[in-house]
Amino acid sequence: MTIEITALTKTYRGGVAALDGLDLTVPTGMFGLLGANGAGKTTLMRILAGIVRPTAGRVTVGGHDLATGAGRHAVQQSLGYLPQDLGVYPDLTARQFLDYVALLKGMDDPAVRRRRVGELLEVVALTAQAGRRLRGFSGGMRQRVGIAQALLADPQLLIVDEPTAGLDPEERIRFRTLLSQFAGDRTVVLSTHIVEDIAQTCREVAVLAQGRLAFRGTVDDLTQRAAGQVWSLVTSGPPPSEGTVVSALPHEGGMRYRIVAPTAPGAEATPVDPGLEDGYLAVTVPDERRPVGR
Amino acid sequence: MLGPPLAVALGVAAAVASPVAGDATTARILLGALEMAVPLTAGVACASLIGRDPAVEIQLAVPTPYRETLLRRTVVTLGWAALVAAVTAGALIATGWWARWPDNHGPLTGQLTWVAPTLALGGLGLAAAALTRSPAAAGALVTTVWAVQQFFAGAAQQHLPGRLLYLFATTRGADPEAWTANRLTLLATAAALLTLAVVVLGRSERLIRSEDE
């Protein structure tokens, strides 16, 4: 299910532009969407889910135009959506909540619903807690209920917005594995500001900055955008004023800084191999409106 | 869910405890519970249907339109109030208390005593909540309209439009001759408010809080 986005603009009341003339094609498979808070990721996810209407531009999902009611309905019939702030009904049990969402997704046969809910509770390792009210669930458990509801109707398009925020490392790994296994011939759009999640799951990625496309290409391409711009510097003095400090580690009485900068941030700075996080910073921090490149 | 039965229970308790002697007064209090208390609880309940849904974003992303879901919830809310009111009215008719209020308008047409204000305040609550996305503001509006008509009954019925829109015309109406016109006006107002709510709810984007955007 391919997503075609053309000249997409979304301006909220008060003139706040969340998306500004975005052009993007999302192919089948796992696709990562990176960007800082406020970059426009959530607005884009909501537009793709048919929740928010664009101010201008066109979006088609699997050939269905989201500008039409019929198009939105068709997309929502094959959509699984996990919002950034997952809200649940606290008085319902996990099983009741999933059953209710399944009903809203058009799964009218109670036996089919019951079976599917049971399968997904197993997948997200919540079978033992299925009868407990959601009120008592931890953040990670709620997130697992969230992914289960997104997968209910075996969607061809899965949109997950910041899914691993608030999860512990073990849950994050489990979640990423689950998404990768699910992707196959489906389209999974993973929106996040956690670079590691993209590195571990996606081959293709787009970076949004201030509502515009800052990068579109493979994860390796993005990593290479920082080639020749990543430096290691050991100093006992203050951190360098040039470039962006990626990490700072104590080192023999001083600090070892990892820095992304177009030129060496000091005479003692030595070049190092770039990582995906360096590539992300290279395309967003120095000039957030640099031309798009692959 | 507890609102309508509690409203009726309070009415019965008030009737039992009334210091004013006389069957007509007791009957008026009992019918008043149906005409005043049940509609207020229904109106406030309808006002709380929009703006507090924790899973609104999931609701907006499923094939079942959220507007349809909200209207079903409205039907359940008003239906429950109607069931409680109808059972209570049946009990009053069976025990003879209904007939002891002189302006009861009969056991059948007289049901408009609670139907009209319940739908009117329910429609007002839903429309206000759809427009403001604030259950508190919508509930406050319903309560204010109810209280103004309750505590300023004379002023509220001074002119014809006020008399036609007066919620408590059965038990506190200034012009018994205008009762039917009053009930029909309230029903028409309820229909207009519910239609307004349906139209506003069609714009799903409004249902997401602006700070989320």
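The values are calculated or read from the model by the stated rules, or taken from the named source; none is laboratory data. Since we're looking at a predicted model, the values are computed, not measured. Glycine gets a Cβ as well: all are built from the backbone with ideal geometry, and neighbour counts include every protein chain shown. With ligands, DNA and RNA removed, areas are computed over all heavy atoms of the protein, side chains included. Shrake-Rupley method; radii C 1.70, N 1.55, O 1.52, S 1.80 Å.
Quick look at the numbers
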item: DSSP-defined beta bridges in the protein assembly as shown - what % are antiparallel, rounded to 5; result: 65
item: Sulfur and carbon atoms: percent of accessible area, region B:90-193 [1.4 Å]; result: 71
item: Apportionment of accessible area to carbon and sulfur, region A:226-284, percent (1.4 Å); result: 54
item: Region A:3-223 - percent of accessible surface contributed by carbon and sulfur, probe 1.4 Å; result: 49
item: Shielded by partner chains, region A:94-136 residues - at least 40 Å² of accessible area, 1.4 Å probe, vs chain alone; result: A:Leu104
item: Where labels lie 7 Å past Cα in the beta-carbon direction, separation of B:Thr144 and A:Thr60 in nm; result: 5.0
item: Candidate residues B:Ile93, A:Ile194, B:Ile208, A:Ile173: accessible-area rank, largest first, probe 1.4 Å; result: A:Ile173, B:Ile93, A:Ile194, B:Ile208
item: Bridge type composition, chain A - antiparallel percent by DSSP, nearest 5; result: 65
item: Solvent-accessible heavy-atom area per residue, rounded to whole Å², over region A:226-284 at 1.4 Å; result: 51
item: Shape category assigned to region B:96-212 from the gyration tensor of Cα positions, a/c cut at 1.5; result: prolate
item: Per residue, in Å², the accessible surface of region B:3-207 once ligands and nucleic acids are set aside, probe 1.4 Å; result: 43
item: Sum of side-chain charges, A:Thr6 neighbourhood, beta-carbon under 9 Å (Lys, Arg +1; Asp, Glu -1); result: -1
item: Net charge of neighbours whose Cβ lies under 15 Å from the Cβ of A:Phe175, counting Lys and Arg as +1 and Asp and Glu as -1; result: -2
item: Estimated buried accessible area (total), pair B and A, 1.4 Å, Å² to nearest 100; result: 2100
item: Local electrostatic count, A:His193, Cβ distance below 13 Å [Lys/Arg +1, Asp/Glu -1]; result: -4
item: Where trypsin sites (Lys or Arg not before Pro) fall in DSSP loop in region A:113-149, at most 16 other Cβ within 10 Å; result: A:Arg132
item: Average accessible surface area per residue within region A:3-223, 1.4 Å rolling probe, Å²; result: 39
item: Members of region A:2-39 that become less accessible by 50 Å² or more once partner protein chains are added (1.4 angstrom probe, chain alone as reference); result: A:Tyr12
item: Where A:Thr6, A:Thr93, B:Thr25 fall by accessible area, highest first, once all protein chains stay in place (1.4 Å); result: A:Thr6, B:Thr25, A:Thr93
